[in-house]
Amino acid sequence: MTTDQGPIYYFCTRQHAYTMGVLLGYYDHGLGEQVRIIPYEHVARLGPVAPGTFIFTDFERLSAAQSQAAISLHGRIRSRNPDLLLLNDPAVVPGRFDLLKRLKVAGLNHFDVHRLEERKAIRRFPVFVRWESQHELPLTGLVDSAEALDRAIAGLPARIRRDPDLMIVEYGAAPSADGRFRKYSAYKVGPTVYPQHCFINESWYIKFPSTRFSEADRAESRAYVAENPHAEQIERVFELAGIDYGRIDYGIVDGQVQTFEINNNPTVLARPPGWEAAADYRRYAAMHAQALRGIMRPASGLSLVLGDGTMSVDAAHADAMQAVRRRIAGFSLRRRLSLRALKRRLARLLG
């Protein structure tokens with residue numbers, strides 16, 4: 001038996017390999033080649049896989065057939081070597097709707113969620129409509145009555161309002177003493193829970209920080225990361241969810257964590273170093289790399305054969321990273337073109 005650390009295998013869809021790939025491909029993380037991204041699309045072709053740690057992600061983006069394949073893959077790995085560390089069981093991890101229902105029943109969330117066909121029973125307003133499995137903006141603003149909700153749903157395109165992926169969410173946020181809203185985000189990587197950021201905005205729905213994010217706001221976010229003040233409550237949420245790897249987005253209402261969602265394939269870093277002159281994301285890279293080192297285990301046992309052997313793990317990882325580099329190159333090109341257009345407009349105005 002060797003005491004060498006086994007690799008980490010990160011299963012996700014190829015299109016969304018950037019969530020881990022930007023960290024691996026663009027930052028000085030010190031992990032070497034110990035983390036390999038394996039798109040689900042390539043699993044059936046894999047050859048021998050050395051013992052290591054396996055992270056399953058991206059469940060809401062899988063078709064029903066792909067979900068069953070992921071469940072089967074998890075079961076095969078577990079049966080062949082029960083001692084391996086597997087994070088996120090595809091058969092256990094709930095979708096956003098079921099997670100929020102579970103948290104409401106347990107008393108950890110004060111707000112509830114409903115399907116569209118259940119809306120006549122809603123007694124708590126305001127509410128809004130959003131997709132369950134997509135990471136997009138809400139489809140409506142806050143709606144303050146049953147009649148207004150019916151009108152808002154009727155105003156959606158027919159193909160959207162008939163989609164079973166829609167859900168109604170009761171408003172569960174609250175402004176802080178300064179009248180602004182805060183969205184906190186923290187990662188769980190096996191036994192490690194670490195905070196990433198606190199976004200502050202005037203709007204109740206926060207995707208990004210306010211454009212007026214001040215130095216005082218940055219200091220508040222840094223203090224949140226340093227102090228990890230909600231770690232105990234966050235652990236309870238992850239435990240109830242049965243999620244071993246992911247990022248929780250939440251607010252604080254009356255001193256209690258209110259979970260908005262847990263993303264099981266969260267973006268660790270979206271852009272390469274130096275993308276924004278005023279931002280230094282290297283500390284986020286360091287925190288995540290340290291958490292990943294915490295789930296590495298000594299390599300033991302025989303290699304696993306997960307597919308027909310026509311593709312190596314390194315080839316699968318290389319293909320995923322190629323998709324990541326193309327994505328970043330596309331962003332870079334659009335950025336340069338946008339800057340050129342801006343410079344031309346300024347030249348015309350000043351000329």
Give me the pairs: first residue in the stretch 284-304 and under 20 Å from L84 (Cα atoms), second residue part of a helix (DSSP H, G or I), beta-carbon distance under 7 Å, and six or more apart or on different chains, which are they?
L304/I77; L304/R80
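Looking only at the stretch 212-219, decide whether some residue is more than 16 Å from V93 (Cα to Cα), touching a strand residue (DSSP E or B) at 6+ places or on another chain (Cβ under 7 Å) and either touching a residue at least 60 places away in the same chain (Cβ under 8 Å) or outside any strand (DSSP E or B) (or both).
Yes, the stretch 212-219 contains a residue that is more than 16 Å from V93 (Cα to Cα), touching a strand residue (DSSP E or B) at 6+ places or on another chain (Cβ under 7 Å) and either touching a residue at least 60 places away in the same chain (Cβ under 8 Å) or outside any strand (DSSP E or B) (or both).
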Enumerated helices (runs of 4 or more DSSP H) restricted to the stretch 52-167, each holding at least 2 residues that are over 29 Å from A291 (Cα atoms), of a type in the set (A, V, I, L, M, F, W, C) and free of Cβ contacts under 8 Å to residues at least 40 places away in the same chain:
64-80, 146-154, 158-161
Just checking, does the stretch 247-257 include any residue being surrounded by 19 or more Cβ atoms within 10 Å (Cβ to Cβ), over 30 Å from G6 (Cα atoms) and among the hydrophobic types (A, V, I, L, M, F, W, C)?
yes
Positions within the stretch 34-48 being crowded, with 20+ Cβ neighbours inside 10 Å and either on the phi > 0 side of the Ramachandran plot or not in a helix (DSSP H, G or I) (or both), in sequence order
V35, R36, I37, I38, P39, L46
Residues that are of a type outside the set (D, E) and touching a helix residue (DSSP H, G or I) at 6+ places or on another chain (Cβ under 8 Å): does the stretch 201-212 have at least one?
yes
In the stretch 262-292, anything buried (at least 16 other Cβ atoms within 10 Å of the Cβ) and not in a loop (DSSP other than H, G, I, E, B) is listed as I262, N263, Y284, A285, M287, H288, A289, A291, L292
Only one of Y26, Y9 is closer than 21 Å to M296 by Cβ, in contact (Cβ under 8 Å) with a residue 12 or more places away in the chain and of a type in the set (F, W, Y). Can you tell me which?
Y9
Can we say L31 is in the same structural domain as A315 (by TED's automatic domain parsing), touching a residue at least 40 places away in the same chain (Cβ under 8 Å), part of a helix (DSSP H, G or I) and within 30 Å of W275 (Cα to Cα)?
no
Would you call N201 farther than 15 Å from Q258 by Cα, at pLDDT 95 or above and in contact with a strand residue (DSSP E or B) (Cβ under 8 Å, 6 or more places away or on another chain)?
no
Per the filter on the stretch 150-184, residues of a type in the set (A, V, I, L, M, F, W, C) and within 21 Å of Q258 (Cβ to Cβ) are M167, I168, V169, A173, A174, A177, F181
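Between D249, D319, which is at pLDDT 90 or above and in the same structural domain as Y187 (by TED's automatic domain parsing)?
Among D249, D319, only D249 is at pLDDT 90 or above and in the same structural domain as Y187 (by TED's automatic domain parsing).
Could you tell me which residue of the stretch 168-190 is nearest to the chain's Cα centre (by Cα), considering only residues that are assigned to a loop (DSSP other than H, G, I, E, B), of a type in the set (A, V, I, L, M, F, W, C) and closer than 17 Å to N109 by Cβ?
Among those that are assigned to a loop (DSSP other than H, G, I, E, B), of a type in the set (A, V, I, L, M, F, W, C) and closer than 17 Å to N109 by Cβ, it is A173.
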Among the candidates A146, A152, which residue alone is over 30 Å from D244 (Cβ atoms), of a type in the set (A, V, I, L, M) and touching a Ser or Thr at 6+ places or on another chain (Cβ under 8 Å)?
A152
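If only one of S214, S203 is over 21 Å from R283 (Cα atoms), among the polar types (S, T, N, Q) and surrounded by fewer than 16 Cβ atoms within 10 Å (Cβ to Cβ), which one is it?
The conditions single out S203.
Residue-by-condition table, conditions (1) in contact with a Leu (Cβ under 7 Å, 6 or more places away or on another chain); (2) farther than 20 Å from E232 by Cβ; (3) at pLDDT 95 or above:
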site	(1), (2), (3)
G242	no, no, yes
Q256	no, no, yes
L269	yes, yes, yes
Y281	yes, yes, no
Q290	no, yes, yes
A299	no, yes, no
L302	no, yes, no
I328	no, yes, yes
F331	no, yes, no
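The values are calculated or read from the model by the stated rules, or taken from the named source; none is laboratory data. Note that the coordinates shown come from a computational prediction; the quantities given were computed from them, not determined experimentally. Because the Cβ atoms are built from the backbone with ideal geometry, glycine has one as well, and the counts that use them run over all protein chains shown.
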